[in-house]
1. Quick check on residue A:165: is it at pLDDT below 90 and away from every other protein chain (no Cβ under 14 Å)?
2. Note down all Cβ pairs under 6 Å where the first residue falls in the range B:35-59 and is more than 18 Å from residue A:114 (Cα to Cα), the second is aliphatic (A, V, I, L, M) and surrounded by fewer than 12 Cβ atoms within 10 Å (Cβ to Cβ), and they're at least six residues apart or on different chains.
3. Quick one: would you say residue A:233 is buried (at least 21 other Cβ atoms within 10 Å of the Cβ), out of contact with any Pro (no Cβ under 9 Å at 6 or more places or on another chain), on the phi < 0 side of the Ramachandran plot and hydroxyl-bearing (Ser, Thr, Tyr)?
4. Among residues belonging to the range A:101-141 that are part of a helix (DSSP H, G or I), within 11 Å of chain B (Cβ to nearest Cβ) and of a type in the set (A, V, I, L, M), point out the one that is farthest from residue A:179 (Cα to Cα).
5. Filter the range B:32-60 for residues that are more than 8 Å from chain A (Cβ to nearest Cβ) and part of a strand (DSSP E or B) and give the result.
6. Which one is nearest to residue A:115 (Cα to Cα), of the residues in the range B:61-87 that are away from chain A (no Cβ under 14 Å) and under 12 Å from the mean Cα position of the chain (by Cα)?
7. Any residue at all in the range B:9-28 that's part of a strand (DSSP E or B) and of a type outside the set (Lys, Arg)?
8. Taking the options A:329, A:387, A:317, A:338, name whichever one is within 29 Å of residue A:286 (Cβ to Cβ) and touching a strand residue (DSSP E or B) at 6+ places or on another chain (Cβ under 8 Å).
Amino acid sequence: MTAAPAVEDLLRALTPQVLSTLVRRHGQFEGCEDAVQEAALAATVQWPAQGVPDNPRGWLTTVASRRLIDQMRSDHARREREATTATEVVPEEVPDTDDTLVLLFLCCHPTLTAASQIALTLRAVGGLTTAEIARAFLVPQATMAARISRAKQRIKAAGSSFALPDGAEHEERLRAVLHVLYLIFNEGYTASSGSALHRADLAREAIRLARMVHAQLPEDGEVTGLLALMLLTHARRTARTTAAGDLVPLDEQDRTRWDRELIDEGLELVKVSLAGPALGPYQLQAAIAATHADAATAQETNWPQVHALYLILERIAPNPMVTLNRAIALAEIQGPSAGLALLSVLDSDERMAGHHRLLSVRAHLLEKAGDAAGAYELYRRAAKSTASLAEQRYLQSRAGRVRPTA
Amino acid sequence: MKFLISMHINPDVLDALTDEEKAAIGDGHGAFIEALKSSGELITTQALVDPSQAAVVSVRGGRPVVTDGPFLESKEYLGGFYLIDCENKERAIELATRIPDTAIEGLGVEVRQVMFADGQLEA
């Protein structure tokens, strides 16, 4: 990027607001989105050179409106009428409402695939360019451009109105929004392939967007829970890998390298969210992350509490991954054989059979139980089953550690 | 997730097809490429020349040894590939089933996830 970081941050914050203003006034999401992208582009060129205008949001709104009008003019040849509208647009008229949340809801429209929801959210709400999003997901710009333009067409075809849905639909759409933010964060956090640098940006962007949703919906326990979960997870980032990029498991991480500031903020949010009436999956996962963050060493972890939280999570949002994690906690309390017994219920789950996570957890518990040969075999199978090079290296080194001396 | 869909061809099988059948394969690939482009799932596709045009290169004792012809002594050879970016393995398999080669006995289509990539993705 050529723009100074301050301008870039400003644009990121302002473009969704400008876009929502335009969509509210003119409808037609697709045209407005293009116009705002162009206005933002003009700003990245002009502002660093000529200084940021006094009312940057008004400036962007005016420029974007003019672009949109130009476009409508050439589209419909209604020159005179649109020209009048164009002169009417002055910065002072910009309403001071923030419709960013409405925009986020529109981007997470149920007719879109998760991949399209993510791409559109990052562009329309995150203010990232198509090139930046393409780089983060390691696909060519043309691929990402096609995905975004198709998503916009779908929203148009669905005839969605620019308004916050109410009642049950609001609740459902908010879940979709949180899920998309969770996926963006995970993409940034797991760094399964490619350059880790751009992926860290994605995690930070997800946190920024989650903060924004939280600022607008501070009462929602799940929104608070998701933000807390992201902060507590992100705090461990630097301790999760060695300088060479190898994975360091939770119990071997140097906890002094965890980001204390993020942890304190996350812990505070967890406390607030758990005091609320309802309890959702993000809150529970945040509470589990908080339990880990609370322990000065891995040995001091309150495993009975972790296990209890997983038990509740399993009840309200059953998922084989949750059962898998509960088995680890159970093994810490009652010993590896109890954990292994719980794992056996997952063998009949076709989503899990042969999954590298199941193989590696079982290998880990076998190692603890003293079955070196069994652990060796499973670590090697797990390494073959994962598509992540970092995980492969980690599992191979584990296998090397328990290799039976034949 | 990125997947490589590789197409394994048997030159004898291809030669035995009628002109209409060959044209149908070409049209099928054309339509498939268009669909992948519009869904934003195509990264790149490349087709390879006939295996008889291949050369096998090795260096022995510091000297390059080059022999004409393909490396594998088999009936099937890599004919080309699609590199795609889609939601999951199920989707990749669903897309692969639309490739015309899958309907022809003796041609193989294989789907594998990409684990590491570097360099320019734009072909």
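The values are calculated or read from the model by the stated rules, or taken from the named source; none is laboratory data. Not measured: the values here are computed from a predicted model. Backbone-built Cβ (ideal geometry, glycine too); neighbour counts: all protein chains shown.
1. Criteria met by residue A:165.
2. Correct list of pairs: B:44/B:123; B:55/B:66; B:57/B:66; B:58/B:65.
3. Here the answer is yes, as residue A:233 does meet what is asked.
4. Filtering first and then ranking leaves A:134.
5. Scanning the range B:32-60 gives B:45, B:46, B:47, B:55, B:56, B:57, B:58, B:59, B:60.
6. Top of the filtered list is B:81.
7. Yes: one or more hits.
8. Going through A:329, A:387, A:317, A:338 in turn, just one is within 29 Å of residue A:286 (Cβ to Cβ) and touching a strand residue (DSSP E or B) at 6+ places or on another chain (Cβ under 8 Å): A:387.
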